[in-house]
Amino acid sequence: MSALSKVVIAGGSGFIGREITKQLVEEGTQVTILTRSKSSTLPAGARRSVWDYRRESGTPWIDDVRGADAVMNVCGYPVVSRWSAAGKRMIEESRIQSTEVLTRAIRGLGKEERPRVYVGGSAVGYYGMHESKVFDEGDTVGEDFLARLCERWESAATEGLKEVEDTTRVVVVRTGVVLGKDGGALARMIPAFKLFVGGPVGSGRQMVSWVHIEDIARVFIEAAKNETMRGAYNGTAPGAVSMAVMARSLGKAMSRPSLFAVPGVVLQAAFGEGSCVVLQGKHVRPTRLAESGFLFRYERIDDAMEAVVGSMDM
């Protein structure tokens, strides 16, 4: 294991990035967040470096990357959104273009200046949509929009740093449905449960490959520290569940019923093609994480939900 003295996080003010930053700061790591905003609130203990991955003119942030132990990229426009042509472009550019800009900057540094590791985001959407198959990292890429996006996203990291792989390891984390009170799926579900009108979304039969927010942050940090980790890892807890089970678990933790299902047509009306992210499921196992020795704090959905609800102001 390598200690982390200095880490740069692109997207560090987002849902996952905030938790990664919190855990690193608690360990005494110096964290710099690359952000387009000059005034947004940053997680406590982090410093700001202004960047814009859409424009490479004026790049003082490269000085922050120079000499960092690790660079992490968790940038990404929300995929649960309306997939208009413009929406798809934002989903793609926020992930792929940010990765290309970072990897190009790393390649341009001297051998002694490069970070030891680049940890990039990806998603379980890599495998495509399937109701019955169980996926692990050995499975091939799917054929839908999200699958091809993830393939290009990962390739931007692995191919972008291939010529410097002797100095900079590359790890990509295929993140599942992240459970936390401040973002992700539960941010949409919790308000309805508070009002006693919560329930599953869609049929309830679709599989949800979930992970607690603390654990997904720990996966990124482990990937940065563990020098044996390379390539793609599924960032999901071992126990995927159906949407109906997940909703019941949330209701149980909140002492609320899970009776009022949200019909799929409602999501389709709101998000169009983008509703498939919620309405179609997949069962993904974290095989390579298990092989690496990583231990989840939350392997059971009930434990994860109780932890989330316990951190809320009810």
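Read the figures in this text as sums done on the coordinates, not as results from a lab. Model, not experiment: these values are computed from the prediction. Methodologically, a virtual Cβ is constructed for each residue, glycine included, from the backbone with ideal geometry; neighbour enumeration extends over all protein chains shown.
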Only loop residues by DSSP count here, and only those with at most 15 other Cβ atoms within 10 Å; note down the chymotrypsin sites (Phe, Trp or Tyr not before Pro) in the stretch 220-302 that meet that. Phe260
Are there trypsin sites (Lys or Arg not before Pro) in the stretch 97-205 that DSSP marks as loop and that have at most 16 other Cβ atoms within 10 Å, and which are they? Lys111, Arg116, Lys133, Lys181, Arg205
So what's the back-of-envelope 222 nm ellipticity for the chain, counting only DSSP H runs of four-plus at -39500 (n - 2.57) apiece and dividing by all residues, rounded to 500? -11000 deg cm²/dmol
Output the relative contact order of the stretch 52-159, whole-number percent, from Cα pairs under 8 angstrom with separation of 6+ residues. 31 percent
Students often get this wrong: which residues of the stretch 57-86 have the backbone nitrogen under 17 Å from the point 7 angstrom along Cα-to-C-beta of Ala270? 78-84
Between Lys133 and Ser5, 0.36 nm times their residue separation minus their Cα-Cα distance comes to what? 42.0 nm
Taking the stretch 20-75, how much of its Cα-Cα pair set, in percent, is spaced more than 16 angstrom apart? 44 percent
With unit charges on the beta carbons (Lys and Arg positive, Asp and Glu negative) and the dipole taken about the Cα centre of the chain, which residue among Gly235, Gly274, Val65 sits farthest to the positive side? Gly274
What percent do you get for the relative contact order of the stretch 138-228 when only Cα pairs under 8 Å and 6+ apart count? 24 percent
Output row, site Thr167, 7 Å Cα→C-beta label point, backbone N cut-off 15 Å, window the stretch 76-118, residues 103-118
So for the stretch 265-314, using the alpha carbon gyration tensor with a ≥ b ≥ c as root eigenvalues (a/c under 1.5 gives rounded; past that, a/b versus b/c decides prolate or oblate), I'd call it oblate
Spatially close lysines, pair count over the chain: Cα under 19 Å, gap of eight or more or interchain: 10
To make sure I understand, if each residue's beta carbon is the centre and we count other beta carbons within 10 Å, what order do Thr32, Thr41, Thr59, Thr140 fall in, fewest to most? Thr41, Thr140, Thr59, Thr32
To the nearest Å, what is the center-to-center distance of the stretch 188-256 and the stretch 1-39, using C-alpha atoms only? 22 Å
Segment Met312-Arg89, length gained on full extension (0.36 nm per residue, minus Cα span): 76.8 nm
Taking 2.2 N^0.38 Å as the expected size of a compact globular protein, what ratio does the Cα radius of gyration of the chain give against it, to two decimals? 0.97
Fewest to most Cβ atoms within 10 Å: Asp166, Asp139 sort as Asp166, Asp139
Computed FRET value (nearest 0.05) for Asp63 with Ala290, which takes r as the C-beta separation and R₀ as 45 Å: 0.70
Go through the stretch 236-314 and name the trypsin sites (Lys or Arg not before Pro) that are in a DSSP coil and have 15 or fewer other Cβ atoms within 10 Å of their Cβ. Arg297, Arg300
Quick calc, the chain, dipole around Cα centre from Cβ unit charges on Lys, Arg (+) and Asp, Glu (-), nearest 20 debye, gives 700 debye
